[in-house]
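Worksheet for the structure shown next.
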Amino acid sequence: MKKISNLKINELALEIVKQIISNKEIYGAEVITLGNGSTVVDMTKAGWIGGKLIGEICMGGLGTVDFANYSLDNHYLPAVTVHTSHPIISCMASQLAGWSVKLKKEVEKEGKIKKKVVFQSLGSGPARAKNKGEELFKEIDYNDDSDCAVIVFETRNMPNEEVMAIVTEKCKVAAENTYAVCAPTACLVGSIQVAARIVETGIHKLHEIHFPLDVLQEGFGTVPVAPVAKDDFAAMGPPNDAMFAAGKTFYTINAEKEQEAELFELLKKAPASTSSSYGQPFNVIFKEAEYDFYKIDPGLFAPAIYTVNNIKTGKTISVGKIDQNLIKESFKL
């Protein structure tokens, strides 16, 4: 990919984190300062604004999350709309949950010393752009010179000093400048922040089908916010189903006329409904795959609809479909 702007997304995200910390009682956040000086912000009990702000933190301060609504027969559902003018940095270099952070400790079991995983979570947010530990960053020519790091964990198990030390070391920043913002899947904030990934999910699928991301100019998306599930395992399904069956994205691209037909044809492979795994609620698919993500077609993880406008020619294409019945089944409506 071509060189992209050197905006400091960790600094931008930290401004939002500090807003939460300053208004923690209003937002329902718990702020924990660890012994090494790093900060953990627990958003488990936060509400609507908390979910919006986490979504914007995940996007490195380069995306906006707003609330809307979605009508499904007689059911009135909340929704989010997301937009960004920096889709590659905000979504691929920041929001994508691509950094697996794991902490193991030695424990004695049956007279033997074994290593046990005491913390494991996928990290998203701008700290990824400081770490650059993923293959994706070989394609993204972006550097963040911020002297701070902000990571977002989807977890109920709050990170301790040792976990935060991993982030500090990998990002090469001081411990007191390292922040983790956390919320589990089965809470309102969890449902909102997953929904806020609508534009990123769409771009990630484009990357998977080898659509040239450097033509992307702007991203916009809308998706229902899934009802809160009874536990974190059950909560895996509905937010994904909302994306697959009702998520709508709009992208502007700047592509030459000679390239347009090929790109528009490629887009037909992007919607979730083109996947061989599509057709049932995600939790059913996951069970049938024996709870092995690698047995699920990765092409499933995409929005329901893509609309793409080529600003070079003025032409627009829409591909995909909305599946209201799948949403009803998943949401238990």
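May I ask you to say which residue of S277, S273 is touching a Leu at 6+ places or on another chain (Cβ under 6 Å) and hydroxyl-bearing (S, T, Y)?
S277
Which ones in the range 4-45 are touching a strand residue (DSSP E or B) at 6+ places or on another chain (Cβ under 8 Å) and part of a helix (DSSP H, G or I)?
Within the range 4-45, N10, A13, L14, V17, I20, I21, K24 qualify.
Test A196 against the criterion of being closer than 29 Å to A302 by Cα and buried (at least 23 other Cβ atoms within 10 Å of the Cβ), and give yes or no.
When the stated conditions are applied, A196 passes them.
Any residue at all in the range 37-56 that is within 23 Å of N177 (Cβ to Cβ) and surrounded by fewer than 17 Cβ atoms within 10 Å (Cβ to Cβ)?
Within the range 37-56, one or more residues are within 23 Å of N177 (Cβ to Cβ) and surrounded by fewer than 17 Cβ atoms within 10 Å (Cβ to Cβ).
Residues of the range 72-115 being of a type in the set (S, T, N, Q) and assigned to a strand (DSSP E or B), which ones?
Result: T81, T84, S100.
Table: residues versus (1) exposed (fewer than 13 other Cβ atoms within 10 Å of the Cβ); (2) aliphatic (A, V, I, L, M).
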position	(1), (2)
C91	no, no
S94	no, no
E106	yes, no
K109	yes, no
K115	yes, no
L122	no, yes
G125	no, no
N131	no, no
E134	no, no
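May I ask you to verify whether V17 is surrounded by 18 or more Cβ atoms within 10 Å (Cβ to Cβ) and either out of contact with any Pro (no Cβ under 7 Å at 6 or more places or on another chain) or acidic (D, E) (or both)?
Yes: the conditions hold for V17.
Out of the range 60-83, which residues are touching a residue at least 60 places away in the same chain (Cβ under 8 Å), among the hydrophobic types (A, V, I, L, M, F, W, C) and crowded, with 18+ Cβ neighbours inside 10 Å?
V65, L77, A79, V80, V82
If I go through the range 256-282 residue by residue, how many of them are surrounded by fewer than 17 Cβ atoms within 10 Å (Cβ to Cβ) and of a type in the set (A, V, I, L, M)?
2
If you scan the range 116-137, which residues turn out to be acidic (D, E) and part of a loop (DSSP other than H, G, I, E, B)?
Selection gives E134 alone.
Is there a residue in the range 227-241 that is closer than 18 Å to C91 by Cβ and out of contact with any Lys or Arg (no Cβ under 8 Å at 6 or more places or on another chain)?
Looking for residues that are closer than 18 Å to C91 by Cβ and out of contact with any Lys or Arg (no Cβ under 8 Å at 6 or more places or on another chain), one finds at least one in the range 227-241, hence yes.
Quick check, is A289 of a type outside the set (S, T, N, Q) and in contact with a strand residue (DSSP E or B) (Cβ under 7 Å, 6 or more places away or on another chain)?
no
List the helices (runs of 4 or more DSSP H) that sit entirely inside the range 231-333 and contain at least 3 residues that are more than 17 Å from the chain's Cα centre (by Cα).
The qualifying helices (runs of 4 or more DSSP H) are 257-267, 282-288, 324-331.
Does the range 217-245 hold any residues that are touching a Leu at 6+ places or on another chain (Cβ under 8 Å) and either under 16 Å from I203 (Cα atoms) or crowded, with 20+ Cβ neighbours inside 10 Å (or both), and which are they?
Answer for the range 217-245, where residues must be touching a Leu at 6+ places or on another chain (Cβ under 8 Å) and either under 16 Å from I203 (Cα atoms) or crowded, with 20+ Cβ neighbours inside 10 Å (or both): P224, V225, D241, F244, A245.
Could you please let me know if A68 is of a type in the set (A, V, I, L, M) and in contact with a helix residue (DSSP H, G or I) (Cβ under 8 Å, 6 or more places away or on another chain)?
Criteria not met by A68.
Read-outs: derived from the displayed coordinates by stated rules, not from any lab. This one's a predicted model, so the numbers in the text were calculated from it and none came from an experiment. Methodologically, a virtual Cβ is constructed for each residue, glycine included, from the backbone with ideal geometry; neighbour enumeration extends over all protein chains shown.
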